[in-house]
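The values are calculated or read from the model by the stated rules, or taken from the named source; none is laboratory data. Quick caveat, the model's predicted, so the values are computed rather than measured. Positions of Cβ are backbone-derived with ideal geometry, glycine not excepted, and every protein chain shown enters the neighbour counts.
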């Protein structure tokens, strides 16, 4: 793929009131219900968090493709939040855009919202998994572990962080939970590392109306510098929804998966060179308004066939967004000076004639920061007793053996 910016945003649409009409009788009908106030708040804030995160990544990778799961990042941060002090928790809540909600309300809403999106479409493969890995040198706080197990269905692993087998087991767990798409996410376990909190998400779905592979052909694609290149492009008369937004100056195209509860949403600016500025202009209200005004279309649709792999450390970006890195007082029984050392995010996306396959994993690494190195007087020395103002030495001596 060309390194010029190319924005195709994957949006998992949760239908609040009723789903779009289902024209395929063979597609299973989803189970839908109205979201609770807290669930709706979590969903809305998570979407705003998406665009805030994308804006920061856009600044860091202005001329590269990228692909993220903000759901994965926010889930990992929510788990860390539960091990933070009250003051630090407020910082995590603010970063996630969930001001006004308590940690308990966030946990309960996350649990019920995750259960809900699992039930939407049996034809869609969706797997969300969480885990906590901690060094056997310390004891995890039982309340913290119970919260992760109760609300995040997290697996808790106590391991020897000095053993190479631990790194292998952690990477294998991530690879397994993402169906082999995210490999070797963690390069090494450092001597100061004491805990890793991990979220993974795997998604695979077929289009409601798949493309015919025989019609895929090389067609022109205009890059952000207005250069034109030919890329493999899927062509088909498939059902999709379209709308146009004058404020964004962009066309919105939405292609449904399965029973139409999930969709691939494309936001394409009129001017290809405007792609880097587009993300900062999108917010949840704008997006919802555009999608509400969309109309059904069954004319030919041209969509590039592509695959993306992306990996970065989001720590600096999240700190800029207000995330605290210290105050993690409730992770361990022992009193330790702890800090978040990394937030590694790795993702995969393939879009082809059949549908889409996506995976992502987020690892929040916690390290024990160094205690101030003590000044050790543990070898022979000369000593003085003196008056400091005048410098007068009253006594002097040498110690060879304190016994």
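Look at residue 266 and say whether it is buried (at least 19 other Cβ atoms within 10 Å of the Cβ), at pLDDT 90 or above, within 29 Å of the chain's Cα centre (by Cα) and assigned to a strand (DSSP E or B). Considered against the rule, which asks whether it is buried (at least 19 other Cβ atoms within 10 Å of the Cβ), at pLDDT 90 or above, within 29 Å of the chain's Cα centre (by Cα) and assigned to a strand (DSSP E or B), residue 266 comes out as yes. Within the stretch 24-38, can one find any residue that is surrounded by 15 or more Cβ atoms within 10 Å (Cβ to Cβ), closer than 24 Å to residue 357 by Cβ and either at pLDDT 85 or above or in contact with a strand residue (DSSP E or B) (Cβ under 7 Å, 6 or more places away or on another chain) (or both)? No; the residues of the stretch 24-38 include none that is surrounded by 15 or more Cβ atoms within 10 Å (Cβ to Cβ), closer than 24 Å to residue 357 by Cβ and either at pLDDT 85 or above or in contact with a strand residue (DSSP E or B) (Cβ under 7 Å, 6 or more places away or on another chain) (or both).
Meeting the requirement of 3 or more residues that are out of contact with any helix residue (DSSP H, G or I) (no Cβ under 8 Å at 6 or more places or on another chain) and modelled with pLDDT under 95, the strands (runs of 3 or more DSSP E) wholly within the stretch 101-206 are 193-206.
Residue 66 passes every criterion in (1) buried (at least 17 other Cβ atoms within 10 Å of the Cβ); (2) more than 20 Å from the chain's Cα centre (by Cα); (3) in a loop (DSSP other than H, G, I, E, B); (4) modelled with pLDDT of 80 or more apart from (2). Can you work out which of the residues in the stretch 225-240 that are over 32 Å from the mean Cα position of the chain (by Cα) and under 14 Å from residue 353 (Cα atoms) is surrounded by the most Cβ atoms within 10 Å (Cβ to Cβ)? Checked the stretch 225-240; the qualifying residue surrounded by the most Cβ atoms within 10 Å (Cβ to Cβ) is 236. The strands (runs of 3 or more DSSP E) falling completely within the stretch 324-403 that include 1 or more residues that are modelled with pLDDT of 65 or more and either buried (at least 16 other Cβ atoms within 10 Å of the Cβ) or under 55 Å from the mean Cα position of the chain (by Cα) (or both) map to 338-351, 355-368.
Of all residue pairs spaced 6 or more apart or on separate chains, none has beta-carbon atoms under 7 Å together with a first member in the stretch 177-188 that is free of Cβ contacts under 8 Å to residues at least 60 places away in the same chain and at negative phi and a second member that is surrounded by 21 or more Cβ atoms within 10 Å (Cβ to Cβ) and assigned to a loop (DSSP other than H, G, I, E, B). Flag set for residue 166, criterion: surrounded by 14 or more Cβ atoms within 10 Å (Cβ to Cβ), over 19 Å from residue 343 (Cβ atoms) and in contact with a strand residue (DSSP E or B) (Cβ under 6 Å, 6 or more places away or on another chain). So is residue 77 part of a helix (DSSP H, G or I), over 13 Å from the mean Cα position of the chain (by Cα) and more than 30 Å from residue 223 (Cβ to Cβ) or not? No; evaluated as a whole, the condition is false for this residue.
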